[in-house]
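The structure appears right after this line, and notes come after that.
The values are calculated or read from the model by the stated rules, or taken from the named source; none is laboratory data. The structure displayed is predicted, hence computed values, not measured ones. For neighbour counting, all protein chains shown are included, and Cβ atoms are generated from backbone atoms with ideal geometry for every residue, glycine included. Surface accessibility is based on the protein's heavy atoms, side chains included, excluding ligands, DNA and RNA. Shrake-Rupley method; radii C 1.70, N 1.55, O 1.52, S 1.80 Å.
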Amino acid sequence: MADLRTSIGKLELANPVMTASGTFGYGTEFADFVDLDRLGGVIVKGTTLHHREGNPYPRMAETPSGMLNAVGLQNKGVEYFCEQIYPTIKDYKTNMIVNVSGSAIEDYVATAERINALEAIPAIELNISCPNVKQGGMAFGVTAKGAAEVVSAVRKVYDKTLIVKLSPNVTDITEIARAAESAGADSVSLINTLLGMAIDAERRCPILSTVTGGMSGPAVKPIALRMVWQVAKAVQIPVVGLGGITNATDAIEFLLAGASAIEVGTANFMDPAVTGKIVDGINDYLDRHGFASVRDIIGALEI
Amino acid sequence: MKKYILDLTIRQTVAIGKQCVLLRLTADEQLPEMFPGQFVEVRVDHTPSVMLRRPISIHYYNKETNELGLLVQLVGDGTRWMATLKEGDMLNLVLPLGNGFTLPEDPSVRPLLIGGGVGVAPLLYLGMKLKEMGITPTFLLGSRTENELMQVQEFEKVGPVYITTENGAVGEQGYVTQHSVLTREQFSQVYTCGPKPMMVAVARWAKAADVPCEVSLENKMACGVGACLCCVEDTKEGNVCVCKEGPVFSIEKLSWQI
Ligand SMILES: Cc1cc2nc3c(=O)[nH]c(=O)nc-3n(C[C@H](O)[C@H](O)[C@H](O)COP(=O)(O)OP(=O)(O)OC[C@H]3O[C@@H](n4cnc5c(N)ncnc54)[C@H](O)[C@@H]3O)c2cc1C
Ligand SMILES: Cc1cc2nc3c(=O)[nH]c(=O)nc-3n(C[C@H](O)[C@H](O)[C@H](O)COP(=O)(O)O)c2cc1C
Ligand code: FES
């Protein structure tokens, strides 16, 4: 049995396997399939300051080895999370991490501040890929300036582990990663979904109500892996890798590319028990290759 | 209800007409309790075009023979693959999912079960459960032509069956909502599953006739367990997950224009 412990800054994880926001609910939806306490962390649904209804149905389109979603951050708002959800998840031993979203800096700040007060939430993942209403719909995460602004504003009110989730829909993701690092992020996670589109040729109309949506699943893995490798070289802070991970080998590839931990998203839909299997598979790999600790393979890519 | 991921064995794959198959599944262990209107998520593992599981209703579950039946209409790669399964093949399922139909508390209730196309699937199990409870279900099955009618003999074992076909080849000609049984007899509960336009028409009729009505929706799903929010239906309480809060809804809850 290898030592699977890893860390994201001061946040200690029992192993590198976490779940990706928006794909695992609040964790409890999967409790019949995986022992949540065996996971390094559970990143819960995107939470915003106010209640959001999300986008109209249809919100999902399947694509070869992938899917597009346009859920649009449906959630009941941070107050509801604190009052109704938090009591049901706070006693899990795993790291329960909240994914924080917003469309204005003030909203991100207010949401992060509210969650800072929750004892059993040791970290937030700041999703800077949603459109910034004030800047005319452009995401904070697509410019270094926007990213730096929102991260430094949140950093002022949030004193636990701050992970910043990066959008892949940019020219140079390392530039955004460095901006987040300079603004005080403890870690960056990547990638969020890639902007895509699906058309129903028979009906000559888009499949998603929003026309475009975010792509995820095995098809995006090579892109995610490349970006994680680039960012891991560009920043000093730990990197969390995700995008298309469906098994332990995929997870190990991200660790080798420089990720200190990984997240599993869309794969939970194919096999709701996959996260537990990935934990076991990483352990088997380490034993098989004679590594005492998972830390030995983080960034160990030989070029 | 606890959910399971199980590998089931195919006992038999039976062709039903040209477009459907009945998968008869079993397992070494006793299968968990399942209720009418609940569904399973089928893993289809052979082609990149099908990554997500496919939701399929529970057509019947027989505790004594430990057999689960799925009635599958072949519409795309996933369902066509299911039809190629042979005796002894394994199928990976997540089950049981969703809420299921509300079973009546009053034994004197007169339920009408209206199905269209492959939407008849969950109504067989519902009818069987009602019969077990001492309630006789009446079935009203609709299809375009005689070729799409499915499992009529199975339904006849459970209760009286009325049929409409659009071409008039079997039963009365027209849509289910035009069948004379609706005016001849009094029903106190309606359950329906089928194409959306049919369910909307049934809901409209039930509302006008002041009969409580439950519909089973077939929104596209990704996770099937209420985690991803892809399958939502617009209701009077906002967007709710069909896979978890449904697939069965009282028409009172939906924001359909009826
Ligand atoms: C709760 C629930 C219960 C269901 N029960 C049954 C059942 O008992 N028997 C059965 O045969 N089918 C049932 N369905 C529908 C079934 O899930 C789809 O037909 C199936 O997923 C299609 O997969 P495919 O890969 O063969 O086709 P795809 O390639 O995915 O699709 C082929 C065509 O079918 C359409 N389609 C796909 N999914 C749906 C859907 N959910 N509703 C309407 N059209 C769709 C697509 O738009 C496309 O035009 C149910 C769906 C739900 C949500
Ligand atoms: C249905 C769905 C909902 C998502 N919701 C969120 C969200 O609320 N916040 C967020 O940061 N990312 C969200 N994501 C993105 C995932 O967390 C992840 O970054 C992406 O899916 C890539 O990983 P994967 O290929 O393993 O799924 C969502 C993805 C999916 C498929
Ligand atoms: S399919 Fe994921 S919430 Fe219903």
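So, in the range B:1-44, of the ones that are in contact with a strand residue (DSSP E or B) (Cβ under 6 Å, 6 or more places away or on another chain) and polar (S, T, N, Q), which residue ends up nearest to residue B:60 (Cα to Cα)?
Of everything passing the filter in the range B:1-44, B:38 is nearest to residue B:60 (Cα to Cα).
Take the range A:42-54 and flag every residue that is farther than 17 Å from residue A:277 by Cβ and more than 9 Å from chain B (Cβ to nearest Cβ). Reasoning before the result, please.
Quick first cut of the range A:42-54, residues farther than 17 Å from residue A:277 by Cβ only: A:43-54.
Scanning the range A:42-54 gives A:43, A:44, A:46, A:47, A:48, A:49, A:50, A:52.
Need at least 1 residues that are in contact with a Ser or Thr (Cβ under 7 Å, 6 or more places away or on another chain) per element, so show me which strands (runs of 3 or more DSSP E) inside the range A:1-91 make the cut, counting only ones lying wholly within it.
Filter on the range A:1-91 gives A:6-8, A:11-13, A:17-19, A:41-47, A:66-69.
Of all residues in the range B:200-258 being among the basic types (Lys, Arg) and within 18 Å of the chain's Cα centre (by Cα), which is farthest from ligand 3 (Cβ to nearest atom)?
B:220
Quick one: which of B:183, B:192 is open to solvent by less than 50 Å² (accessible area, probe 1.4 Å), away from chain A (no Cβ under 14 Å) and hydroxyl-bearing (Ser, Thr, Tyr)?
B:192
Looking at the range B:96-123 only, could you name the residues that are over 23 Å from residue B:53 (Cα atoms) and in contact with a Leu (Cβ under 8 Å, 6 or more places away or on another chain)?
B:103, B:104, B:111, B:112, B:113, B:114, B:115, B:116
Please go through the range B:118-135 and pick out each residue that is within 19 Å of residue B:206 (Cβ to Cβ) and touching a Pro at 6+ places or on another chain (Cβ under 9 Å).
Those that are within 19 Å of residue B:206 (Cβ to Cβ) and touching a Pro at 6+ places or on another chain (Cβ under 9 Å): B:119, B:122, B:123, B:126, B:127, B:130, B:135.
Given the structure, is residue B:230 of a type outside the set (Phe, Trp, Tyr), within 16 Å of ligand 1 (Cβ to nearest atom), closer than 23 Å to residue A:45 by Cβ and open to solvent by less than 30 Å² (accessible area, probe 1.4 Å)?
yes
Considering only the range A:54-61, I want to know if a residue exists there that is open to solvent by less than 10 Å² (accessible area, probe 1.4 Å) and within 16 Å of ligand 3 (Cβ to nearest atom). Talk me through it step by step, then tell me what you get.
Taking the range A:54-61 and keeping what is open to solvent by less than 10 Å² (accessible area, probe 1.4 Å), we get A:59, A:61.
Next cut, within 16 Å of ligand 3 (Cβ to nearest atom) only: A:59, A:61.
Yes, the conditions are met somewhere in the range A:54-61.
Can you give me the number of residues within the range A:62-79 that are open to solvent by 40 Å² or more (accessible area, probe 1.4 Å) and more than 8 Å from ligand 2 (Cβ to nearest atom)?
Counting residues in the range A:62-79 that are open to solvent by 40 Å² or more (accessible area, probe 1.4 Å) and more than 8 Å from ligand 2 (Cβ to nearest atom) gives 4.
Enumerate the strands (runs of 3 or more DSSP E) found wholly within the range B:1-97, keeping only those where 3 or more residues are in contact with an Asp or Glu (Cβ under 8 Å, 6 or more places away or on another chain) and either away from chain A (no Cβ under 14 Å) or open to solvent by less than 40 Å² (accessible area, probe 1.4 Å) (or both).
On the way: elements: B:4-16, B:20-26, B:39-42, B:54-57, B:60-62, B:67-73, B:90-97.
In the range B:1-97, B:4-16, B:20-26, B:90-97 are the strands (runs of 3 or more DSSP E) which contain 3 or more residues that are in contact with an Asp or Glu (Cβ under 8 Å, 6 or more places away or on another chain) and either away from chain A (no Cβ under 14 Å) or open to solvent by less than 40 Å² (accessible area, probe 1.4 Å) (or both).
When only residues in the range B:233-250 that are assigned to a strand (DSSP E or B) and within 15 Å of ligand 1 (Cβ to nearest atom) count, which is farthest from the other protein chains (Cβ to nearest Cβ)?
The extreme case among them is B:248.
Return only the number of the condition from (1) buried (at least 21 other Cβ atoms within 10 Å of the Cβ); (2) within 13 Å of ligand 1 (Cβ to nearest atom); (3) not in a strand (DSSP E or B) that residue B:215 does not satisfy.
Condition not satisfied by residue B:215: (3).
Looking at the range A:206-303, what strands (runs of 3 or more DSSP E) fall wholly within it and have at least 1 residues that are touching an Asp or Glu at 6+ places or on another chain (Cβ under 9 Å) and either under 26 Å from residue A:28 (Cα atoms) or open to solvent by less than 20 Å² (accessible area, probe 1.4 Å) (or both)? Can you show your working first?
Numbers: elements: A:212-216, A:239-242, A:259-264.
So the answer is A:239-242, A:259-264.
Any chance the range B:218-226 includes a residue that's aliphatic (A, V, I, L, M) and open to solvent by less than 10 Å² (accessible area, probe 1.4 Å)?
Residues of the range B:218-226 aliphatic (A, V, I, L, M): B:221-222, B:225.
In the following step, the residues that additionally are open to solvent by less than 10 Å² (accessible area, probe 1.4 Å) were identified as B:222, B:225.
Looking for residues that are aliphatic (A, V, I, L, M) and open to solvent by less than 10 Å² (accessible area, probe 1.4 Å), one finds at least one in the range B:218-226, hence yes.
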